[in-house]
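First up is the structure itself, then whatever we jot down about it.
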Amino acid sequence: MELSSTLSLEMFGEPFLLEKRIRLLHAIREHGSISKAAKAVPMSYKSAWEAVDAMNALSPEPIVYRETGGKDGGGTTVTAYGERLLETYAVLKEEHQRFLERLSHVTDLETGTFKTIGRLGMQISARNQIQAEVKEVIHGEVNTRIVLLLKSGQILYSIITKEAVEDLRIEVGQIVTAICKSSNVVVLSEPDEAFDNRLEGKVVQLEKDSINVKMVVDIGNHDRVVSVLPLEALGAMGLEEGRDIMLGIEAKNIMLGR
């Protein structure tokens, strides 16, 4: 029995560099186009952009840059930081393969323990996962208010229990991942003090089905927030791509991960 495993890297507790994402980055570097790169991997155009958005959101620096305009209509490029990531990943993958080869010689693969280990991994289904810096930790009797600085410069607030702060060892200056379900992100027609978080951004994508519309909002510096709304809200609120809007999120709906 041969032991095999794909190499996946996490950043701030979230899947970051996966094998397929690496292939996508190489294809973007080769073709200079997200649509051509998606076909080469292969994956859908939508999945390709979602993968790019996820990597850019979790990374301290942009990995992929999208150029617009120009005589050729723009293109997509891997940044210098992205190039260094590809080089590092190649080295790590080589070492990873050597590790598997050594492990296959010293481990009993028939005991079934590897199946148990595989079940211990768990990923989060929440669509919004954004990197942020802890700027302030305000303790209350029961809950703690965490003040977060996003890469865009906007402020995000999270309210979690004191036990969670202790378990995660959250301190000022740390980088954490702010997590929020898309159903907890609402569109505000005007500033509403009922929402601790009021983020400004631009609608960059709308996807509709027979019931709902998924709206992707760029809140600055490659950070994107997804909101799922009833389809009737699309016309009632006049939502369209390119429009500047404000999003509201209650602080209690912002979970944190490290």
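Quick look at the values:
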| quantity | calculated |
| --- | --- |
| Number of the exception - VAL52 against (1) touching a Leu at 6+ places or on another chain (Cβ under 8 Å); (2) modelled with pLDDT under 85 | (2) |
| Any hit, segment 218-225, residues being in contact with a Pro (Cβ under 9 Å, 6 or more places away or on another chain), crowded, with 16+ Cβ neighbours inside 10 Å and at pLDDT 90 or above | no |
| Matching entry among ASP218, ASP192 (being over 17 Å from LYS135 (Cα atoms), in a loop (DSSP other than H, G, I, E, B) and either out of contact with any His (no Cβ under 6 Å at 6 or more places or on another chain) or small (Gly, Ala, Ser) (or both)) | ASP192 |
| Segment 178-189: number of residues that are part of a strand (DSSP E or B) and among the small types (Gly, Ala, Ser) | 1 |
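Let's see how each residue does on (1) in contact with a Phe, Trp or Tyr (Cβ under 9 Å, 6 or more places away or on another chain); (2) on the phi < 0 side of the Ramachandran plot:
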position: ILE160; (1), (2): no, yes
position: VAL165; (1), (2): no, yes
position: VAL186; (1), (2): yes, yes
position: GLN205; (1), (2): yes, yes
position: ASN212; (1), (2): no, yes
position: VAL228; (1), (2): no, yes
position: GLY242; (1), (2): no, no
position: ARG258; (1), (2): yes, yes
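This table checks each residue for (1) within 22 Å of LEU239 (Cα to Cα); (2) modelled with pLDDT of 90 or more; (3) of a type outside the set (S, T, N, Q).
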| site | (1), (2), (3) |
| --- | --- |
| LYS135 | no, yes, yes |
| VAL147 | no, yes, yes |
| ILE155 | no, yes, yes |
| GLU171 | no, yes, yes |
| ALA178 | no, yes, yes |
| VAL186 | yes, yes, yes |
| SER189 | yes, no, no |
| GLU200 | yes, yes, yes |
| LYS214 | yes, yes, yes |
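The values are calculated or read from the model by the stated rules, or taken from the named source; none is laboratory data. On a predicted model such as this, the values are computed, not experimentally measured, just so you know. Cβ atoms come from the backbone with ideal geometry, glycine included; neighbour counts cover every protein chain shown.
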